[in-house]
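The values are calculated or read from the model by the stated rules, or taken from the named source; none is laboratory data. Since we're looking at a predicted model, the values are computed, not measured. For neighbour counting, all protein chains shown are included, and Cβ atoms are generated from backbone atoms with ideal geometry for every residue, glycine included. Accessible surface is based on the protein model in full, side chains and every heavy atom, while ligands, DNA and RNA are left aside. Shrake-Rupley method; radii C 1.70, N 1.55, O 1.52, S 1.80 Å.
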Amino acid sequence: EGYFVRTLGMHRVYNSAFMHMLMREENAQYRELIKKTLEYDPEILKRYVNFMSNPDEQTAVTQFGKGDKYFGVALMMVTMPGLPMFAHGQIEGLTEKYGMEYKHAYYDEGPDFEFINRHEKEIFPALKKRYLFSQVENFELYDFYDLRGFVNENVFAYSNMSASERVIVCYHNKFDECAGWIKVSVNKRTPNTLDKLTTRKKLSDALYLNCDEKIFYIFREQISGLEFISSGKKVKDEGLYIELKAYQHQLYMDFREVYDVNGEYAKLELLLAGKGIPSVEKFIMDLRLEEIRKSFENVIQPEIIENIFTVWSNPEDSRNASKVTQIVCEKYVEFIDKVQRFKHLQCDTKVVYERFKDEFYSLLNYKQNLRWLESIAEGSSEQWLPEFLSHLFLTGKGLEGNDLVIVLTIMMLHRFDELCDRIDSENVSILLFDELQIEKVFRHHSDVVGDQVEILRLVKLVLKLYAILLSTDELEIRASVYDVLQLDDCQGFL
């Protein structure tokens, strides 16, 4: 092939070395062929027609099978500079050798639809982006250094670019597992030089990455669908870490640049240590929500619940009550601050603090208020009032640990309806309850037992009622409360 291209000047040449060497796993020899071509004239790579079978050869599935090796070599075929060529019946997985003189097929075989589907998932997306792979100006081949520092000749790793789109392709053409780094490209002739100067590039330079410490790159591996993250500086200093199983192929695309404002991406990069996850942004969002839920959980932690019961046991101990109030309110302010930054809400934190403090003080005096309410009920001529209070306060047993968690949850959230702008005319408190996934706190809280679904319904019902009470129209309040109490999700509460 080299003779045809270099000496005879042929524009396109069948690259049979691609098929034979990769089929026989003569990986070092084929890598050497690519390296010599890059050193002599990279443009020659564009003239090769890469294929896995033709009418003179055995079928592709006969030579490469239908497993990972076939698809790894097929991915190389469609992502290398040059022209990819599929043989007759190759995508359908046909095993009969095709002959131009045949009038009809001799084998009774049909398309392998599972085989075709895998082409559609792993190969065709790359074919649709041939502009990314067909040129050699930005094509770079890399040595893959394993964890011992030796070059693994069985790994083909290369990158390319078109405009701002970047791509990295890796394929391990061996029945073995490996892990290592790609960092510096092999020698490549500098274009338009008479003295045949060659240069090597770092991966970060080949992909034009910004190597600022605060700049991170998120990219997706197309075969697995997983996303990876790495800072531009780490790619420059260390390269890109890659793990490959036997005949595994990877296609890294969809690079996007993000700026690490508060160190979240740096923490995530350290946490993942080169591993992939379904969504980097979702993982970051989960970390943020986890931090907010942690501040929420600090208010309803068992120690706080226990302190409230202690105050109820000793109502004369005002010093202890003041101490508990201060601790809880400080933790609540931390929660408010985190929610404000997360949702960009405009709330008067001082007002929220004072009103929550008043409500919490009333909660600490709950048992005294309960006795006062019971005395009113006993002297009332209304028949429903004693029964109502009995149900409201759990038949006179007083609030338990579970109930305190629910009450504190409602107290922490319902003020947002009053102090924040409504979002799409919905209750802000309920939106926050869902978006922050507060139910996860209930699920993990040791004191909360019983039917989780009923607990969540109860909390949302009370938050709805609180939002209704913000109205100033008495008739509107009555009508709205009546509508809420007819909802299916509150029948258990009723």
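Couple of notes before you dig in:
- Taking every residue in segment 311-335 that is closer than 16 Å to residue 404 by Cα and pairing it with any residue that is modelled with pLDDT under 85 and small (Gly, Ala, Ser), at least 6 positions away or on another chain, the pairs with Cβ-Cβ distances below 7 Å are 311/321.
- Some residue of segment 280-287 being open to solvent by 70 Å² or more (accessible area, probe 1.4 Å) and in contact with a strand residue (DSSP E or B) (Cβ under 7 Å, 6 or more places away or on another chain): no
- Restricted to segment 221-245, and to residues there that are among the small types (Gly, Ala, Ser) and open to solvent by less than 20 Å² (accessible area, probe 1.4 Å), the residue that is nearest to residue 181 (Cα to Cα) is 239.
- Among the criteria (1) open to solvent by less than 70 Å² (accessible area, probe 1.4 Å); (2) free of Cβ contacts under 8 Å to residues at least 40 places away in the same chain, the one residue 203 does not fulfil is (2).
- Residue match in segment 69-82 (condition: out of contact with any Phe, Trp or Tyr (no Cβ under 6 Å at 6 or more places or on another chain), open to solvent by less than 40 Å² (accessible area, probe 1.4 Å) and of a type in the set (Ser, Thr, Tyr)): no
- Total residues in segment 341-361, condition crowded, with 16+ Cβ neighbours inside 10 Å and more than 16 Å from residue 299 (Cβ to Cβ): 4
- All positions within segment 279-305 that are under 15 Å from the mean Cα position of the chain (by Cα) and among the aromatic types (Phe, Trp, Tyr): 283
- Within segment 109-164, if we keep just the residues that are touching a helix residue (DSSP H, G or I) at 6+ places or on another chain (Cβ under 6 Å) and open to solvent by 50 Å² or more (accessible area, probe 1.4 Å), the residue that is nearest to residue 245 (Cα to Cα) turns out to be 153.
- When restricted to residues that are more than 22 Å from residue 40 (Cβ to Cβ), open to solvent by 40 Å² or more (accessible area, probe 1.4 Å) and either touching a residue at least 60 places away in the same chain (Cβ under 8 Å) or touching a Pro at 6+ places or on another chain (Cβ under 9 Å) (or both), segment 167-189 contains 5.
- Only one of 101, 92, 57 that is under 19 Å from residue 115 (Cα atoms) and open to solvent by 40 Å² or more (accessible area, probe 1.4 Å): 92
- Qualifying residue in segment 246-259 (condition: in a strand (DSSP E or B), buried (at least 19 other Cβ atoms within 10 Å of the Cβ) and of a type in the set (Ser, Thr, Tyr)): yes
- Some residue of segment 378-395 being open to solvent by 40 Å² or more (accessible area, probe 1.4 Å), more than 25 Å from residue 460 (Cβ to Cβ), of a type in the set (Phe, Trp, Tyr) and at pLDDT 75 or above: no
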